[in-house]
Amino acid sequence: MTIEEHNHLIFEYDEVDKDISSMIIQIAEDMYDRLMSQFELSDLEGKYTLTICPDIKTFIEKSGKSEETYQSWMVGNANRKNHSLCILSPRIVSDRSLDDMLRVVKHEVTHIALNALNPKDPDDMSMCLTEGIAVYMAEQIYPNQLDITDYPSVKELDNEEFFYEHDGYNYSGVYVGFLIRKYGAKAFRNVYAETEHFDDYLYDGYEIDAIKSFGVR
């Protein structure tokens, strides 16, 4: 594995992914800079290592999964405990475009950069909030898949099983994105840091307004 240290992250990649590594490094570092500016973040103590995994075996090892818990849709992972994040090499992912995989890089970088706002493990926080901001910042929202008449609520998306069964990534991205659009980056920052609560900004019709803000009528 080749190891490179940059401004915010350490990158690890196999020789077979050398051509794509420079693009991923640039995307990740630029995303980190954007997050620091938009949400007034401080840099984390001790750099995280982002591994571009050349095969599924490496991904399972780096992500802390097992062969039993790994699922084919898993292409990115951020691990606070191990100070690491990883993505599958776009070279071996057949069902997603290169652009899709670069959005995965942005998604995972968002997860770890926001650790500067809250010392909690993201697993102990609102799933709607932690996944929603990563989806929104990575531009992974798909308005054509939103339904303005049948949608989950913000609170329902904190249930992990419900989240996965009701397009939780898409809707959480919409709801958190709307929080930022309507109330600003400072409001999101306070909610993520838990000096305020998401509930403080919710009102009857919040979800519908959020969905409409992404062009759904």
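Read-outs throughout are calculated quantities, based only on the coordinates presented, and are distinct from any laboratory measurement. Please read these numbers as outputs of a predicted model, since none were measured by experiment. We place every Cβ from the backbone using ideal geometry, glycine too, and count neighbours over all the protein chains shown.
General observations
- Label-to-label distance, nm, for residues given as His83 and Lys182 (7 Å Cα→Cβ offset): 4.0 nm
- Compared with the direct C-alpha span, the chain from Ile10 to Asp123 gains 38.3 nm at full extension, assuming 0.36 nm per residue.
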